[in-house]
1. Show me 132-139, 369-376 ranked by packing, highest mean number of other Cβ atoms within 10 Å first.
2. So what's the back-of-envelope 222 nm ellipticity for the chain, counting only DSSP H runs of four-plus at -39500 (n - 2.57) apiece and dividing by all residues, rounded to 500?
3. Can you give the relative contact order of the chain as a percent, counting alpha carbon pairs under 8 Å and 6+ residues apart?
4. What three numbers, in Å, describe the spread of the alpha carbons of segment 263-340 along their principal axes, ordered from the longest?
5. Residues with beta-carbon under 12 Å from that of residue 125, excluding residue 125: net charge, scoring Lys, Arg +1 and Asp, Glu -1?
6. Ranking 43, 52, 247 by Cβ neighbours within 10 Å, fewest first, what do you get?
7. Using packing as a proxy for protection, rank 389-402, 150-163, 301-314 so that the peptide with the highest average count of other Cβ atoms within 10 Å comes first.
8. If I model a spin label as a point 7 Å beyond the Cα along the Cα-Cβ vector, how far apart are those points for residue 142 and residue 385 in nm?
Amino acid sequence: MLCTDMLVPENHLLRKIDRAVDFTRIYDFVSELYCEDNGRPSVDPVVIFKMVMIQHLFGLRSLRQTQGEVEVNVAYRWFLGYTMSQQIPHFSTISYAFRHRFTEETIEQIFRWILEEVAKAGYLKPEVVFVDGTHIKANANLKKHIKKEISKAAKIYEKQLMEEINADREAHGKKPFKDDDDDRPKPPETKEITKSTTDPESGLFHKGEHKKCFAYEAHTVCDKHNFVLEVEVTPGNVHDSVAFDAVYDKLIEHYPEVDVITADAAYKTPWICKRIIDDGRIPSMPYKRPMTKQGNLPWYEYVYDEYYDCVLCPNYQVLSYSTTNREGYREYKSKADICRNCPDLERCTASANCVKTVAVHIWKDYIEQAEDIRHSDLGKETYEMRSQTIERVFADAKEKHAMRYTYYRGLKPVTNWVKLKFASMNLKKLALWLSFFLRFFVHLHPSMQRTRLSFA
C-alpha cells in the first residue's frame, strides 16, 4: 500500500525539520488554552503551528494559499501527519486560533523554544550581536489617511539627562531648569502625523528613493550565525534610535553575555553610546556624517578645548560658553564685533547678528569612545560582518519568506506574524546545520550508516 512517507524524499527540508526538534513541546505551551472535558474535539495545536510554519518556511502569502498548497503537496501532508485522503483543516480555523486563542505569550514561548534548541545544539553565539531595522509594507491604502495631532513620547532617559544638565549648568554658574513649576504648567509637546484610516497602528514611511507608504518596522537583533535573537515591531515612522531601548532591554534580559553591539549610524546617539558603554559593553558603529550645510566650513575645523572649556574657530578666535540647553548641548558663541569683519563669515554662519554657535553634547565623551572603537581591529572586524549577518537576515526574510508586506492589520497581529516568521527561519537554519553535520559525521564513520535515522 502506498503511503505519504514513501513519497517524501529523505533529504526534504521538512524531514530535516521534523528530526531537528520535538514538536510535542507545543502542547506544554497551549495546554491551559484548551478544555479537556468540554466541547467538541479541536484541531491538533501542533498541526495548527506546523501549517503556519509551512506558510513562513516556503514564503506563502496567506493561510488560504497555504491550505491550498497543503491539499496537493505530499510532503506538506506528511509533515502534518495527514494521509492523502484526510481533510486538511480550513484556513479560517487556523486564523481564528491565532486571533482568539493563542496569545502573545504563546508566540513568544514558541520563539524562545526554537532558540533554546539552537543553544542546546551549540550554534548560538550571542557574544557579538547585530542590530538593525527593516520596514514591512502595511495592508493600508496610502490615499486613505487623516492628519492628527499627538503628544510627543517622553524619552526614557529624560530624567537622567535633566539631572546632568542641571549639574552642568550649576558648574558653569547658571540656574538649573525647573520642570515642576506649578504656577505656569508646561503644555505637553505635540507633533502632527499622517495616520491611516485603514490601519491606524501603522506609520507613514518615506526614505530616500523609497516610495511613500504606510508600514511597520521590525527592529531586529541577530548573532554572527544569523539566528534572530530578538525583535520589536513598531509603526514605520518610529526611528531606529527610539526603539533601541525596548530591543536592548529584552536582549540583555535573555542574553546577559552580550559583549559587542554592532549597529549602523542611525543608532550612534549620545544616549545609546552612553548606555552601552556604562553597561560594560562595546558599541561597534560606523562614521556618522555631520548634518552641516554644504559649502560651509567643515565641522572638524572648530576645535573644542577641554582645559579652557571653549571652542576655537578656523581663524583662531574663541567661542565662549553661553549656556546648556534642555537637549543637553553646551552652546559656545562667538563675539559679533569680531565675526562681522571675518572673511569667512558667509561660510561660517547665516546668523543675522553675526554670531556663530557651536553645540557640544554633555555626553560627547561616549561618542568619542565609540569613534575610537570604530578605528580598532575589533570595530572594523565586527562592522564588516553586518552585510553577512543582519542584512542577510532581512534579505532572506523578504526574498525567500515573503516579509516585504503583511496582510495583517494592527501592531499585535503583525508582531506575532513577524516572530513566527523569524522562529521558522531559525528552525530552518538549525535543521539544515544539524543535517549537514550528521552527514559529515556519517561520512567519517561509515559504521554509523545503518543507524543514521535513529541517531537523528
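Bear in mind these aren't lab numbers, they're just calculated from the coordinates by the rules spelled out. On a predicted model such as this, the values are computed, not experimentally measured, just so you know. Using ideal geometry, Cβ is built from the backbone for each residue, glycine included, and neighbour counts are taken over all protein chains shown.
1. Packing proxy ranking, top to bottom: 132-139, 369-376.
2. On the way: 18 runs with 185 residues, N = 456.
The helix contribution divided over the chain gives -12000 deg cm²/dmol.
3. Worked out over the chain, it gives 20 percent.
4. Principal axes ranked by extent give 46, 27, 23 Å for the Cα atoms.
5. -3
6. In order of increasing Cβ crowding within 10 Å: 43, 247, 52.
7. Answer by packing, highest mean first, reads 389-402, 301-314, 150-163.
8. It works out to 3.8 nm between the two label points.
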